[in-house]
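*Asks:* Below is a structure I'd like to ask you about.
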Amino acid sequence: MAKVKHYFSLIKFSHTIFAMPFAVAGYILGIIQPGKSFNFVLLLLVLACMVLARTAAMAFNRWADRDIDALNPRTQMRDIPTGKIKASQALTLAILSSLLFITCTFFINNICFYLSPVALIVVIGYSFAKRFTALSHFILGTGLSLSPIGAFLAVTGYFSLIPILLSVMVILWVSGFDIIYAIQDEQFDKAQKLHSLPSRLGRKKSMFLAAFIHLGSIATGVVIGFLSGYGLAYGIGLFFYSALMVFQHWVVNIKGEQSIAPAFWGYNSWAGVLFCTGLITEILLHF
């Protein structure tokens, strides 16, 4: 049981809450399309794909960053640097999760199966991005944005504007808070010649940029509501999402770096849950 606990810690399984609501939202958007209906087995496959892709990405990231994590005071107590999980075990978990992910997509439809390697390249490629580009935050955002559009594709087999906009919203949401989170490692990244926007722009400009990006995320949510004709339930969800975004920036600006981690794992997770709750409720009430 202790080993299982360490594996869950390695991949931060509890943080699945970031992607799960958007996967469910993408699935719900799919089943309201003409000729589509609820399929419990398909829903399980969609959620399994989301969990497996995320597990592969996290395990590979911990393996790829094991030497960096051992040097960074903020990450020295992670499972691989402390010896709780061997590097080879993390890599094995990443490979097995990737293979299971592809297997699950095979049982969904052809387009999901054919695109599954592309999805893995995106979510796994993030682990190396910060070695080459300060735009790595947007690659992470793109990885998480595959959740809603992937779930929609699983149901319908085709792309559509609203799920694409929902994925754009996720890209901006995740990228913004990853920029804030990277402020904690600004000096370390500079010393190790790792690329991030905070290490390039500094704290103040990075916070401003993150706020602008989050404003773009909120604006995308407004566009989704306008184009879809959504009403009160969606509006309430978007309001709470927006309020938590604003509150997060206020807290970090007032309290400084020590408030970043609580804001990252607290306000952001609730923002996604509340927004998707409003979206799903709106769909179920009117469609």
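*Asks:* What is the chain's relative contact order, in percent, from Cα pairs under 8 angstrom and six or more apart in sequence?
*Replies:* Details: 403 pairs, mean separation 56.7, N = 287.
The normalised contact order for the chain reaches 20 percent.
*Asks:* Counting other Cβ atoms within 10 Å, which trypsin sites (Lys or Arg not before Pro) in the range 105-197 have at most 12 and lie in a DSSP loop? Show your work: numbers first, answer last.
*Replies:* On the way: sites: K130, R131, K190, K193; in loops: K130, R131, K193.
Sparse-neighbourhood loop trypsin sites (Lys or Arg not before Pro): K193.
*Asks:* Could you run the Karplus curve 6.51 cos²θ - 1.76 cosθ + 1.60 with θ = phi - 60° over the range 132-149 and give me ³J(HN,Hα) per residue in whole Hz, x for Gly and Pro?
*Replies:* Whole-Hz 3J(HN,Hα) from phi for the range 132-149: 10, 9, 6, 8, 4, 4, 6, 5, 4, x, 5, x, 6, 6, 5, 4, x, 5.
*Asks:* Here's another thing I want to ask about it. Place the peptides 172-185, 262-275, 26-39 in order of packing, highest mean first, counting for every residue the other Cβ atoms within 10 Å and averaging per peptide. Working shown, then result.
*Replies:* Values: 172-185: 24.4, 262-275: 19.6, 26-39: 16.4.
Per-residue Cβ counts within 10 Å, averaged per peptide and sorted highest first, yield 172-185, 262-275, 26-39.
*Asks:* Just grab the label-to-label distance for S160 and I121, each label 7 Å out from Cα along the Cβ direction, in nm (one decimal).
*Replies:* 2.8
*Asks:* Continuing with this model, one more query. Principal axes first, then extents: for the Cα atoms of the range 22-100, list largest minus smallest coordinate on each axis, whole Å, largest first.
*Replies:* Each principal axis gives a Cα extent; for the range 22-100 these are 54, 24, 15 Å.
*Asks:* Between F8 and F226, what is the FRET efficiency for a Förster distance of 35 Å, r being their Cβ-Cβ separation, to the nearest 0.05?
*Replies:* Working: r = 40 Å, r/R0 = 1.16.
The value I calculate is 0.30.
*Asks:* May I pose another question? Arrange the following residues from fewest to most other Cβ atoms within 10 Å of their Cβ: T105, T281, T55, T82. Each step should come with its number before you reach the end.
*Replies:* Working: T105 27, T281 17, T55 24, T82 12.
So the residues, fewest neighbours to most, are T82, T281, T55, T105.
*Asks:* Taking a 22 Å limit on the Cα-Cα distance, which of the listed pairs K204/K255; K12/K84; K12/K205 fall beyond it? Could the numbers behind the result be given before it?
*Replies:* Details: K204/K255 14 Å; K12/K84 14 Å; K12/K205 29 Å.
Beyond 22 Å between Cα atoms: K12/K205.
*Asks:* In deg cm²/dmol, rounded to 500, what helix-only [θ] at 222 nm does the chain give when every DSSP H run of at least 4 residues adds -39500 (n - 2.57) and the total is split over its residues?
*Replies:* Details: 13 runs with 216 residues, N = 287.
Theoretical 222 nm ellipticity from helices: -25000 deg cm²/dmol.
*Asks:* While we're looking at this one, here's another question. May I ask you to compute the full-extension gain from F212 to H15, defined as 0.36 nm times their residue separation minus their alpha-carbon distance, rounded to one decimal in nm? Display every interim value, and only then the final one.
*Replies:* Values: separation 197, 0.36 × 197 = 70.92 nm, distance 2.46 nm.
That pair, F212 and H15, stretches by 68.5 nm at full extension.
*Asks:* If the viscosity is 0.890 mPa s and the temperature 25 °C, what translational diffusion coefficient in µm²/s does Stokes-Einstein give for the range 126-275 when Rh comes from Kirkwood over Cα pairs?
*Replies:* 154
*Asks:* Let me ask something else about it. What would the Debye formula give as log10 I(q)/I(0) at q = 0.10, 0.16 Å⁻¹ for the alpha-carbon point model of the range 2-286, no solvent?
*Replies:* Results for the range 2-286 at q = 0.10, 0.16 Å⁻¹ read -0.53, -1.32.
*Asks:* Can I ask one more? May I ask you to derive the FRET efficiency for A243 and R203 from their Cβ-Cβ distance with R0 = 25 Å, giving the value to the nearest 0.05? Mind showing how you got there, number by number?
*Replies:* Working: r = 24 Å, r/R0 = 0.95.
Once the sixth-power term is evaluated, E becomes 0.60.
*Asks:* Estimate the FRET efficiency between M77 and K190 by the formula 1/(1 + (r/R0)^6), using the beta-carbon distance for r and 22 Å for R0, to the nearest 0.05. Let's see the in-between values first.
*Replies:* On the way: r = 22 Å, r/R0 = 1.01.
Using R0 = 22 Å, I get an efficiency of 0.50.
*Asks:* Could you run the Karplus curve 6.51 cos²θ - 1.76 cosθ + 1.60 with θ = phi - 60° over the range 256-271 and give me ³J(HN,Hα) per residue in whole Hz, x for Gly and Pro?
*Replies:* x, 4, 5, 9, 5, 4, x, 5, 4, 8, x, 4, 5, 4, 5, 4
Here, each number is a calculation from the coordinates, and none is a lab measurement. Note that the coordinates shown come from a computational prediction; the quantities given were computed from them, not determined experimentally. FYI the Cβ positions are ideal-geometry reconstructions off the backbone, even for glycines, and counts take in every protein chain you see.
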